[in-house]
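We did not get these values from a lab; they are worked out from the coordinates using the rules stated. As the structure is a prediction and not an experimental result, all values here were calculated from the model. Reconstructed Cβ throughout: ideal geometry from the backbone, glycine too, with neighbour counts over all protein chains shown.
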């Protein structure tokens, strides 16, 4: 990722976090460098990262090295697009986290929820790791916004790991959805077509009842 700021943003994105706090050597984003210009004004609330905001951040790193403001703005944009708000505060002050408020820091407000952003992220996956084919009953369940259970799976294509994004197709080989799998392809093959209550007996451990939970599944209208 190149720096800890963007890495933190990606982690926040992955776990559907509501807020990311980034600490710097200043109290937030200023109109100019507060070190060079004592009259520089701090920006309290930001709802959109545009060219003007990027210009304020500049391109040089702060005295803390990789914690430059430009990378923090980049990280904040990643979070905002993912439905996660971001705060930049001064990490040199005592008890910084407990004292953060809307006066001593800069807040980047997300315009959408993590759940809607996550579904958009899923739809943007151009190369899913694998495909599962489901029967008519499971197809109906998907379009009723229900989770996808192993019992409705009739075939699995490709190799994938738990947490990978995979495609969901019906018996006519039409793509009807995309989602995050709770099982790798090896275990998914073992439990496909089986009742969820038998998963522990088949795999030897307690797994999720769903192959893809409804919150991790986006349907595609035919």
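Points worth noting:
- Using alpha-carbon coordinates, inclination of helix 4-14 to the longest axis of the chain, degrees: 40 degrees
- Nearest-ten-degree value, helix 114-123 long axis tilted from longest Cα axis of the chain: 60 degrees
- Between 145, 47, 95, the Gaussian network model of the chain with springs among Cα atoms under 10 angstrom shows the greatest mean-square fluctuation at 95.
- Largest GNM mean-square fluctuation across 129, 98, 185, computed for the chain with C-alpha springs under 10 Å, falls on 98.
- Cα-based Rg and Dmax for segment 126-222, where Dmax is the largest Cα-Cα distance (Å): 11.9, 38
- Per residue convex hull volume, Cα atoms of the chain, in Å³: 153 Å³
- Among beta bridges that DSSP assigns inside the chain, antiparallel share in %, nearest 5: 60 percent
- Sorting the segments 152-162, 195-205 by their residues' average number of neighbouring beta-carbon atoms within 10 angstrom, most packed first, yields 152-162, 195-205.
- Beta-bridge orientation, segment 4-113: approximately 35 percent antiparallel, per DSSP, counting only bridges with both partners inside.
- Sorting the segments 79-92, 168-181 by their residues' average number of neighbouring beta-carbon atoms within 10 angstrom, most packed first, yields 79-92, 168-181.
- For the chain, the longest principal axis of the C-alpha atoms and the axis of helix 69-81 are separated by about 40°.
- For the chain, the relative contact order is 17 percent, taking Cα pairs closer than 8 Å that sit 6 or more residues apart in sequence and dividing their mean separation by the residue count.
- Label positions at residue 96 and residue 37, each projected 7 Å from the Cα along the C-beta direction, are separated by 2.4 nm.
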